[in-house]
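The values are calculated or read from the model by the stated rules, or taken from the named source; none is laboratory data. Worth saying up front: this structure is predicted, and the values here are computed from it rather than measured. Glycine also receives a Cβ, built like all others from the backbone with ideal geometry; neighbour counts cover every protein chain displayed. In case anyone asks, the SASA skips ligands and DNA or RNA and just uses the protein heavy atoms, side chains included. Shrake-Rupley method; radii C 1.70, N 1.55, O 1.52, S 1.80 Å.
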Amino acid sequence: MSVPVAIASLIQSSAAALDALDFHHWLSGFTEYGQYHITTADNQRQGLPLGLMHALNKDQLRDRIASISSVNVYEPHRYRHILSQTWIKGQGLELQYITPFAVYRITPSKPTILFVTGEYQDRVEYSHSGVRFTYRTVVLDNDMIDTLLAIPL
Amino acid sequence: MSVPVAIASLIQSSAAALDALDFHHWLSGFTEYGQYHITTADNQRQGLPLGLMHALNKDQLRDRIASISSVNVYEPHRYRHILSQTWIKGQGLELQYITPFAVYRITPSKPTILFVTGEYQDRVEYSHSGVRFTYRTVVLDNDMIDTLLAIPL
Amino acid sequence: MSVPVAIASLIQSSAAALDALDFHHWLSGFTEYGQYHITTADNQRQGLPLGLMHALNKDQLRDRIASISSVNVYEPHRYRHILSQTWIKGQGLELQYITPFAVYRITPSKPTILFVTGEYQDRVEYSHSGVRFTYRTVVLDNDMIDTLLAIPL
């Protein structure tokens, strides 16, 4: 089974929106009750609930995004997502779209560095207005996470 | 809308040709009046005209390629392009194919290093002999560019 | 010509299986007489027979896999494969599927590092039970290979 074009586009445009610091566009990729989690592979394997970022619905994502532009103080930087090929895991209600990624951090007047590697585990929903994430889990490979996780991945 | 196979092939074979130092094959991916530019994200955002490499038609690209094999003296190295998923931006006459990339530099007896990250912004034209670039802009993420930009990206 | 979905899935699931240390699943991607080789671009260019890992059939791959879990002592680590876009090289009996890649090595409590870059050169066979590799050559870009090549790539 191949990845439907609309879902591939959703995954690609979400990465592109973050790379362009266009959080409004990124938000539009989630349903109103869409969840977003960042965790580590170790945490996920052990079934540990705690992750690095959590949003249980789109309003919590909106809060998160609002805090980036107003409250948070952080060194100006942006990301570059390199997406590996997306593949399909499971089937039926358990169907997920898996996209491994490497994210680089670009900071003015500094060398570009590898920031994190990991994979997106996505569940989506079709509606009349298009395909959106209902559940996106970002699973990071390394548990040595930079504390500077200000921008979503 | 999905990326047509012929265009995906053009993007992939251009990267592969550069990685194989096969500049003749790389050149064949451009129309006679095809333009090729390398710039930075900052320059592009500010609308600055100056970039790192410019060719306003295929003859200027031919000159560039000729200079690599004859005049330029540089440490022998080659690239490895890792292409993220290609997505489509805009529509109609403004339609572009965007391909984020990471390029590694491979030098004999030295560790492989991340060279640059960025994205291709491509416009193409169909003809009886296939699809070719009419306008390829290489937008680099970082403005700390290695001066050693001898080979096109 | 586009890459058939079944072949793209085989390439993606082989990378995912290695990243998950699921060697049994990785093995299932090869025919009984499937060959697997790891070599370098320099070796391949010079037609040198010697590579870094060799298996002339699936039984030799089984031995290799068995040795990972029983005999070999090595620092616990795993990989993250980032696959570039797959393209098709040659035609007819010479047809190969080429997938450039970057592989990162993830080690507990250590920074993630770029391990190797290179490309898969794959030949496959269709049967009633699906598509499998008959010949997979892993061509590494750099000849400065980490001696710690315990897990297949």
Filter the stretch B:85-127 down to residues that are open to solvent by 70 Å² or more (accessible area, probe 1.4 Å) and within 11 Å of another protein chain (Cβ to nearest Cβ), then give me how many there are. 6
Any chance A:Thr117 is free of Cβ contacts under 8 Å to residues at least 60 places away in the same chain, in a strand (DSSP E or B) and within 27 Å of C:Ile106 (Cα to Cα): yes
Within the stretch B:128-146, tally of residues that are more than 14 Å from every other protein chain (Cβ to nearest Cβ) and part of a strand (DSSP E or B): 6
Anything in the stretch A:135-153 that is over 18 Å from A:Pro76 (Cα atoms) and within 12 Å of the chain's Cα centre (by Cα)? List them, or say none. A:Tyr135, A:Arg136, A:Thr137, A:Val138, A:Val139, A:Leu140
Against the definition (away from chain B (no Cβ under 14 Å) and under 11 Å from the mean Cα position of the chain (by Cα)), how does C:Gln60 come out, yes or no? no
Between a first residue in the stretch A:40-66 that is without any contact (Cβ under 8 Å) to a residue 12 or more places away in the chain and exposed (fewer than 15 other Cβ atoms within 10 Å of the Cβ) and a second residue that is among the polar types (S, T, N, Q) and in a helix (DSSP H, G or I), which pairs have beta carbons less than 8 Å apart while being 6 or more apart in sequence or on different chains? A:Leu50/A:Asn43
How about the stretch C:67-82: which of its residues are modelled with pLDDT of 75 or more and open to solvent by less than 80 Å² (accessible area, probe 1.4 Å)? C:Ser67, C:Ile68, C:His77, C:Arg78, C:Tyr79, C:Arg80, C:His81, C:Ile82
Would you check which residues across the stretch B:1-19 are crowded, with 17+ Cβ neighbours inside 10 Å and more than 7 Å from every other protein chain (Cβ to nearest Cβ) and list them? B:Val3, B:Ile7, B:Leu10, B:Ile11, B:Ser14, B:Ala15, B:Ala17, B:Leu18, B:Asp19
